[in-house]
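What follows draws every value from the coordinates through simple rules; no lab data is involved. Given the structure is predicted, the values throughout are model-derived calculations rather than measurements. Methodologically, a virtual Cβ is constructed for each residue, glycine included, from the backbone with ideal geometry; neighbour enumeration extends over all protein chains shown.
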Amino acid sequence: MVVISYRSRLAVKVTLLAIFSVLTFLSALLNKFTLQGGQIFFSIIYSTGVLTLGSFGSGTLIAFIAGLMYMFQSTLGFFSLASFAVRGVTTDLTFLLLGVYKDSKQYRYNWIKIAIGLVVASFLTGLFQYFFFVVFMKMLIDFGRFIVSIIFLVALVSNGVGGFITGKIIMPRISSIIRFR
């Protein structure tokens with residue numbers, strides 16, 4: 001077993017944070033242009049980054065950095081950062097409450113907990129976006145309950161499937177590589 005110094009572990013974590021933040025930003029762009037059709041890619045990339053870093057706050061950091069990049073091309077500008085921040089905070093809180101972070105420290109990935117955490121975080125973020133940007137601020141067009149419900153449904157299913165793919169397929173395969181914690 002190779003002993004990795006604290007400084008090396010920190011460098012690896014910062015590098016992974018940067019990589020997954022950029023990938024999350026790119027998947028958010030894809031999601032924007034596919035009208036939630038790319039949500040599954042966002043879910044997989046984001047959750048893989050959060051679980052690879054594996055500590056409370058990693059979801060918020062990845063989402064916040066991705067939001068900083070996203071706000072420069074968004075019609076909402078600085079306000080789009082709020083959506084990413086809500087996504088990060090809700091992911092961190094649900095993963096903490098469900099014990100996903102505790103399990104990931106021991107390289108155990110319960111896909112059901114991961115999927116539930118991602119679905120809850122996505123739902124709460126969607127509610128925030130709808131009520132803040134559409135109802136309260138009137139910055140976005142209200143497409144009606146039916147279309148909004150379809151968007152919510154696609155996002156929730158995509159996050160559930162993304163949680164399954166991340167927890168059952170991706171993380172078990174890369175867990176032997178990420179033993180730097």
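General remarks:
- Based on Cα contacts under 8 Å between residues 6+ apart, region 6-174 shows a relative contact order of 25 percent.
- Region 123-181-region 37-106 distance, computed between alpha-carbon centres (Å): 10
- Per-residue ellipticity at 222 nm, computed for the chain from helices alone with -39500 (n - 2.57) per DSSP H run of at least four residues, works out to -22500 deg cm²/dmol.
- Positive-end residue, the chain charge dipole about Cα centroid, Cβ charges, pick of Ser175, Thr52, Phe79: Ser175
- Among Val120, Val89, Val12, residue whose mean-square fluctuation peaks in a GNM of the chain (springs only between Cα atoms under 10 Å): Val12
- A DSSP coil position with no more than 13 other Cβ atoms inside 10 Å describes the following trypsin sites (Lys or Arg not before Pro) in region 103-162: Lys138.
- log₁₀ of I(q)/I(0) at q = 0.10, 0.11, 0.14, 0.16 Å⁻¹ - the chain, Debye sum with one point per alpha carbon: -0.37, -0.45, -0.72, -0.92
- If only the Cβ of Lys and Arg carry +1 and only the Cβ of Asp and Glu carry -1, the dipole of the chain around its Cα centre is close to 580 debye.
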